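To keep things clear, I will list the structure first and then write my remarks on it.
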Amino acid sequence: MQVNETPAYLSHKKRFKKDKQLLIKIEETIQLLKQEKIHFKKIICKKDKNRYSIRVANTSYRILATIYDNTADLICVCTHQKYDRYNKNC
């Protein structure tokens, strides 16, 4: 699977630059996504019919992505609380 990191995603990810362990786990998750060896959950969203949630293993973080055909556009990496806010008015 091809993975595209959007500017919004990169901005969110930059906030974690001090937490090296979390960044490693995020990168491991993305590698598993590229290899199509990770399960992701479809989110019911009227604005984005192809929105999915990807759990970052052993953390309380989620990666939101738009997945279509064989491409994933990463939207953001956030805590579960922010994840709920992102999808509240979806």
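Just so you know, all these numbers are worked out from the coordinates, no wet-lab data involved. The structure presented is a predicted model; accordingly, all values stated were derived computationally and were not measured. Using ideal geometry, Cβ is built from the backbone for each residue, glycine included, and neighbour counts are taken over all protein chains shown.
So if I place +1 on the C-beta of Lys and Arg and -1 on the C-beta of Asp and Glu, and nothing else carries charge, what would the dipole magnitude of the chain be about its Cα centre? I want it in debye, nearest 20. Mind dumping the intermediate values first?
Details: 20 positive and 9 negative charges, 85 e Å.
Around 400 debye, computed over the chain.
Between Asn89 and Thr59, what FRET efficiency comes out of the Förster formula 1/(1 + (r/R0)^6) with R0 = 25 Å and r the beta carbon distance, rounded to 0.05? Provide the component values of the computation, followed by the final result.
On the way: r = 25 Å, r/R0 = 1.00.
So the FRET efficiency works out to roughly 0.50.
Helical content alone sets the calculated 222 nm signal of the chain at -10500 deg cm²/dmol, taking -39,500 (n - 2.57) per DSSP H segment of four or more residues and averaging over every residue. Model label points for Thr6 and Lys18, set 7 angstrom from Cα along the Cα-to-Cβ axis, are 2.7 nm apart.
For Tyr61, the residues whose amide H sits under 5 Å from its own are Val56, ignoring neighbours fewer than 5 places away on the same chain, with H placed 1.01 Å from N. For Ile43, the residues whose modelled amide H falls within less than 5 Å of its own, excluding neighbours fewer than 5 places apart on the same chain, are Arg51, Tyr52, Ser53. Note down the relative contact order for the chain as a percent, whole number, built from C-alpha pairs under 8 angstrom at least six residues apart. That works out to 32 percent.
Note on the chain: dipole from Cβ charges, positive end direction compared against Thr6, Gln31, Asn58; the farthest Cα belongs to Asn58.
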